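Read the structure below first, then the notes.
The values are calculated or read from the model by the stated rules, or taken from the named source; none is laboratory data. Bear in mind the structure is a predicted one, so any value in this text is a computation, not a measurement. Neighbour counts are summed over all protein chains in view; Cβ atoms, including those assigned to glycine, are modelled from backbone coordinates with ideal geometry.
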Amino acid sequence: MHVHRLPLHGTNAYVISGEHHVLVDTGPERARADLLDGLANIGLTGADLSLVLATHAHSTSIGNAAYLQREFHVPIAVHGADAPILASGLDRSVRLTDPIGFVMRWLGDTRFDATSPDVVFGHTLSLDGFGCAGTVVHTPGHTIGSATVVLPTGDAIIGDLLMGGWFGGRVNASQPARHYFAEVPQRVVRSLALLNRLGVQRLHPGTGGVLQMDDVRRQIIRRANDVASGPARARMRERRLREEPVIHGAN
């Protein structure tokens with residue numbers, strides 16, 4: 001199994017190649033030519049995809065989902081909480097977590113081609129039926145229906161749960177950073193803690209470079225626990241997170 005990163009106008013899409021090929025996110029509509037070129041560079045066309053998995057329903061992540069579904073008959077999977085957004089063709093309002101987010105939202109396009117998903121999942125979705133080893137798990141935070149693909153290699157494709165660096169990953173791309181937007185920001189750390197318990201070691205975000213779970217624990221999870229509970233309880237929680245991993249792949 002191999003994970004290919006496709007850089008698309010400041011966002012990342014990923015192809016998981018196993019027996020078949022699963023595309024995780026599609027980038028914005030304006031990146032359609034780059035998406036098709038990126039697939040061609042790894043020897044694929046849209047017709048070779050067994051699934052488009054949307055980590056969340058925002059224009060920057062699913063801008064080409066309807067196109068791939070229509071032109072190549074590729075099924076789309078999305079969490080049930082984000083399925084209405086996919087069908088509406090309009091991003092749902094999210095809370096800004098950083099002043100830069102106001103500028104990014106003002107410059108960005110919140111509309112995309114609406115469509116209906118072929119697969120709607122809840123807590124988990126196995127990718128075995130689509131020719132790839134891996135499990136999709138519900139990780140709310142960026143949106144209510146955000147999801148992460150957890151792979152048996154210790155890698156996870158997290159969408160916009162976190163960013164790598166700032167300004168589209170142009171600065172400190174491997175530095176864990178909270179995204180500029182979050183629909184339920186109080187759930188972000190809880191979702192990251194879940195991925196930690198599932199044994200994730202490397203996180204592949206929708207923006208920026210690869211993040212190390214050690215850095216995420218230290219800079220995001222532990223820091224949030226320090227604020228919420230004080231340093232003593234935070235250290236106890238952090239130790240438990242390190243010492244009690246769950247074998248990932250379990251539903």
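Would you confirm, using the coordinates I've provided, whether residue 157 is at pLDDT 95 or above and either outside any loop (DSSP other than H, G, I, E, B) or among the charged types (D, E, K, R) (or both)? Here the answer is yes, as residue 157 does meet what is asked.
Condition check ((1) closer than 17 Å to residue 55 by Cβ; (2) surrounded by fewer than 23 Cβ atoms within 10 Å (Cβ to Cβ)) across all residues:
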| site | (1), (2) |
| --- | --- |
| 150 | yes, no |
| 191 | yes, yes |
| 214 | no, yes |
| 219 | no, yes |
| 222 | no, yes |
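Of 49, 53, all but one fail to be out of contact with any His (no Cβ under 9 Å at 6 or more places or on another chain), at pLDDT 95 or above and crowded, with 20+ Cβ neighbours inside 10 Å; the exception is 53.
Where residues in region 57-74 are buried (at least 24 other Cβ atoms within 10 Å of the Cβ) and either hydroxyl-bearing (Ser, Thr, Tyr) or on the phi > 0 side of the Ramachandran plot (or both), which of them is farthest from the chain's Cα centre (by Cα)?
Checked region 57-74; the qualifying residue farthest from the chain's Cα centre (by Cα) is 60.
Identify, from the list 113, 109, 91, the residue that is surrounded by 16 or more Cβ atoms within 10 Å (Cβ to Cβ) and either at pLDDT below 85 or farther than 30 Å from residue 135 by Cβ (or both).
Sole residue among the options that is surrounded by 16 or more Cβ atoms within 10 Å (Cβ to Cβ) and either at pLDDT below 85 or farther than 30 Å from residue 135 by Cβ (or both): 91.
Of all positions in region 62-71, at least one carries a residue that is touching a residue at least 24 places away in the same chain (Cβ under 8 Å), out of contact with any helix residue (DSSP H, G or I) (no Cβ under 9 Å at 6 or more places or on another chain), within 14 Å of residue 118 (Cβ to Cβ) and not charged (D, E, K, R).
Residue 103 meets each of the listed conditions (1) modelled with pLDDT of 90 or more; (2) under 25 Å from residue 7 (Cβ atoms); (3) surrounded by fewer than 17 Cβ atoms within 10 Å (Cβ to Cβ); (4) among the β-branched types (Val, Ile, Thr) apart from (1). Of the strands (runs of 3 or more DSSP E) that lie entirely inside region 1-81, those containing 2 or more residues that are of a type outside the set (Phe, Trp, Tyr) and more than 19 Å from residue 138 (Cα to Cα) span 2-8, 11-17, 49-53. With the condition kept exactly as written, say whether any residue in region 118-140 is surrounded by 17 or more Cβ atoms within 10 Å (Cβ to Cβ), in a loop (DSSP other than H, G, I, E, B) and charged (D, E, K, R). Within region 118-140 (the criterion being surrounded by 17 or more Cβ atoms within 10 Å (Cβ to Cβ), in a loop (DSSP other than H, G, I, E, B) and charged (D, E, K, R)), the answer is no, since none of the residues qualifies.
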